[in-house]
1. Report the local net charge at Ser142: Lys and Arg +1, Asp and Glu -1, summed over other residues whose C-beta lies under 9 Å from its C-beta.
2. In Å³ and rounded to a whole number, note down the convex hull volume per residue for the Cα atoms of the chain.
3. Which of the three applies to the stretch 237-287, rounded, prolate or oblate, going by the alpha-carbon gyration tensor with a ≥ b ≥ c and a/c under 1.5 meaning rounded?
4. Out of the GluC sites (Glu not before Pro) in the stretch 1-109, which ones are loop residues according to DSSP with at most 10 other C-beta atoms within 10 Å?
5. Peptides 457-464, 156-163: what's the order by average Cβ count within 10 Å, highest mean first?
6. What ranking do 282-290, 11-19, 308-316, 54-62 get when scored by the average of other Cβ atoms within 10 Å per residue, highest first?
7. Would you calculate a helix-derived [θ] at 222 nm for the chain, using -39,500 (n - 2.57) for each DSSP H run of n ≥ 4 and dividing by the full residue count, to the nearest 500?
8. How about the stretch 309-398: which GluC sites (Glu not before Pro) there are in a DSSP loop, with at most 15 other Cβ atoms within 10 Å of their Cβ?
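The values are calculated or read from the model by the stated rules, or taken from the named source; none is laboratory data. What you see is a predicted model, and the numbers here were worked out from it, not measured in a lab. Don't worry about glycine lacking a Cβ; one is built from the backbone with ideal geometry, like all the others, and counts go over all protein chains shown. For accessibility, only protein heavy atoms count, side chains too; no ligands or nucleic acids. Shrake-Rupley method; radii C 1.70, N 1.55, O 1.52, S 1.80 Å.
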Amino acid sequence: MGTTHRGLRADLLVIGFGKGGKTVAATMGGLGKRVVLVERSARMYGGTCPNVGCVPTKALVHHSRKRRPEDVPQEWYERSVGEVQALTKQFRGDNYDGLNGMDTVSVITGTAAFTDPHTVRVETADGPLTITAETILINTGSEPIVLDIPGLRTSQYTVTSTELIDSTILPERLVIIGGGYLGLEFASIYGQFGSEVTVLEAAPKVFGLVDDDVAAVAESILVEEGIGIVTGAAVTEIRDGETSATVVYETDGRRHTLEADAVLAATGRAPATRDLALDAAGVRTNERGAVEVDEHLRTSRPHIFALGDVNGGPQFTYISLDDSRIVLDQLLGEGKRSTDDRVAIPHTVFITPPLATVGLTERQARAAGHRVRIASQPVAEIVAMPRAYIVEDTRGVMKFVLDAETDEILGAALLSVDAQEIVNTVALAMRHGIRAAELRNAVYTHPTSTEAFNDVLATIVRSDT
């Protein structure tokens, strides 16, 4: 790799081991390019998803649902966390070996900061290292936001999502500040493990990104499972006691308190750019600290790209993967692929059953001027969905928003067993202009969840025609 006096020269430098960056690194390394990937933590090889995000949290969803009434909550939780940690350790090692084992790729563990537009200084356990590269990818991801609420940042009981899933102690009483998708997902997980969970959300309602009818069903599922949800709640103070924290909050001008063994700060994530010394490279950021990029993910320095959460886009692993395709098209292809190409991108919150959405809500479709038809049905009433009965979970609802004139699928909200999978079929149909009638009349294997389309899309509950 051309090592001289603790210095490296590379064709490509990737800062951060996230999905987008490691994908570009592997591709370029496979083509014989000299690649250096810098990751500040040996516990983050592979990025957020396999270490502290998608993989461990969804594994905990799985383990929490396997607990039987006779299983002791603390013992089951400790065992589950141990199994999940073993899984993430395996993924971490596979990610490291997969890249560092390539002849032209080196993985360096240390903290990187720019010294000029083509050079970074990396502080490693063996001392500083200078890396110079023709092309640089910033792929440092995001980090939890802990709001400046009195006592929250200093409380010994405050945890981030990363810290909570790393602990083998199941909190008997868990208070979650923030009722966004992260907070609600953790509420569902820890409620099933046996914690007494209360979610404090400042907004007037939870599940605010879906229509009210779907949100009501989703919230009722959590409440029926014992999750406490308080909306319009302004947390004003966290006070530490000897064995627990007191969470002080207000609703409608009234003061309330909760005792908690752990307080989860689930109020979003911010791009991780603070320690990169981006000014030295001439790379601009916005008011949120996100790296500014164009539709091809180039920063204010054309040879520097930003991929994944750090560029302020949607914070999903699959978006970071698509970022890698855009960058590779710039480096190796025709340079035409861009973020503007993204259509019908699905999202899922992994409560149980999962809530998956794609496209427009009914509210958004009407605001955009569409005349709409609404096809909606509770899962328990979908005759053509025996899969829900087989797995003994008929909770939820499926809702489609259709254009009344063209039969175009404008959007869908699927709160059901297997929703995280079947939403991809809907998204694919939307991208390729497949109309609702085609989806309704298609032949699906049986018994599956996808065949629910046969029933739901034949059930028009509201129409502007």
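1. Once positives and negatives cancel, what remains is -1.
2. Working: hull volume 79.1 nm³, N = 465.
That works out to 170 Å³ per residue.
3. Values: a/c = 4.64, a/b = 2.48, b/c = 1.87.
It comes out prolate by the Cα gyration axes.
4. Those satisfying the criteria are Glu70.
5. On the way: 457-464: 14.5, 156-163: 17.6.
Listed from highest to lowest mean packing, they are 156-163, 457-464.
6. 11-19, 308-316, 54-62, 282-290
7. Mean residue ellipticity at 222 nm (helix-derived): -9000 deg cm²/dmol.
8. Values: sites: Glu334, Glu362, Glu381, Glu392; in loops: Glu334, Glu392.
Answer by residue number: Glu334, Glu392.
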